């Protein structure tokens, strides 16, 4: 006689996320395409539209959103109250593994990655959060396959260079093969004004949210939230926010 054990956290997280108005999961086929930056700025843009926003840095081995936001390790302390409370950053509720690992590296593989992802979603206190944004690590691995089992809407972030586009197409094909019906694409750091992947994305029945031009000055604002919100990049994200809200369906 054999028994199948279902991790109770899976159903708990499924119910927990289903109570929200929407969950956007930012994914990419490769690194270096600005995914974490886009996720972070989108959280502030949605906040400006009146949504109560949560942001999860799900890069378990190399979280960096706290760096974008100028937070020190002492800012990222664990405070427990019916779970782990977020760090409030100018109104955005931030959750990050950095709260637990500090400066220490966290080498994970296989089932340990899935286990850590489930645990972070389980213990995060989402009270008051309406829309949750989850920044996934780049690549097509365990984390992506795990997160899409929940009621989430992936946003594929890509650059317009050949490597980024090739990787994005592979990720989009994976999501299609896995039966994910609601997927959106953002072309970031664009050097062209026209969408390169527009026709391909629509052929899959997915949504192309828009193009974000390359902002060569944005790196100077890293760590300064007020500077970030005054940047051209944030202005361009703000410009596609109506499309993002429409994609969320809220």
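The values are calculated or read from the model by the stated rules, or taken from the named source; none is laboratory data. Not measured: the values here are computed from a predicted model. Note that we place each Cβ from the backbone using ideal geometry, even for glycine, and neighbour counts take in every protein chain shown.
Data overview
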item: Among residues of the range 84-128, those that are touching a strand residue (DSSP E or B) at 6+ places or on another chain (Cβ under 8 Å) and in a loop (DSSP other than H, G, I, E, B), counted; result: 7
item: Selection within the range 46-60 - in contact with a helix residue (DSSP H, G or I) (Cβ under 7 Å, 6 or more places away or on another chain), assigned to a loop (DSSP other than H, G, I, E, B) and farther than 26 Å from residue 111 by Cα; result: 49
item: Failed condition for residue 142, given (1) more than 24 Å from residue 244 (Cα to Cα); (2) in contact with a helix residue (DSSP H, G or I) (Cβ under 6 Å, 6 or more places away or on another chain); (3) modelled with pLDDT of 95 or more; result: (3)
item: Matching residues in the range 42-56 - criterion: being in contact with a strand residue (DSSP E or B) (Cβ under 9 Å, 6 or more places away or on another chain) and more than 25 Å from residue 211 (Cβ to Cβ); result: 52, 54, 56
item: Output for the range 129-155, where each listed residue is in a loop (DSSP other than H, G, I, E, B) and either out of contact with any strand residue (DSSP E or B) (no Cβ under 8 Å at 6 or more places or on another chain) or surrounded by 15 or more Cβ atoms within 10 Å (Cβ to Cβ) (or both); result: 129, 130, 136, 137, 138, 139, 140, 141, 148, 149, 150, 152
item: Residue match in the range 153-163 (condition: within 14 Å of the chain's Cα centre (by Cα) and farther than 17 Å from residue 186 by Cβ); result: no
item: Residue match in the range 197-213 (condition: under 26 Å from residue 143 (Cα atoms), in contact with a helix residue (DSSP H, G or I) (Cβ under 6 Å, 6 or more places away or on another chain) and part of a loop (DSSP other than H, G, I, E, B)); result: yes
item: Selected residue [in a helix (DSSP H, G or I) and within 21 Å of residue 106 (Cβ to Cβ)] from 43, 36; result: 36
item: Search result, residues across the range 61-75 that are in a loop (DSSP other than H, G, I, E, B), surrounded by fewer than 20 Cβ atoms within 10 Å (Cβ to Cβ) and within 19 Å of the chain's Cα centre (by Cα); result: 61, 62, 64, 70, 71
item: Residues within the range 214-247 that are in a helix (DSSP H, G or I) and over 23 Å from residue 170 (Cα atoms), tallied; result: 22
item: Residue that is farthest from residue 163 (Cα to Cα), among those in the range 187-205 that are surrounded by 14 or more Cβ atoms within 10 Å (Cβ to Cβ) and over 18 Å from the mean Cα position of the chain (by Cα); result: 204
item: Residue 14 being assigned to a loop (DSSP other than H, G, I, E, B) and in contact (Cβ under 8 Å) with a residue 12 or more places away in the chain; result: no
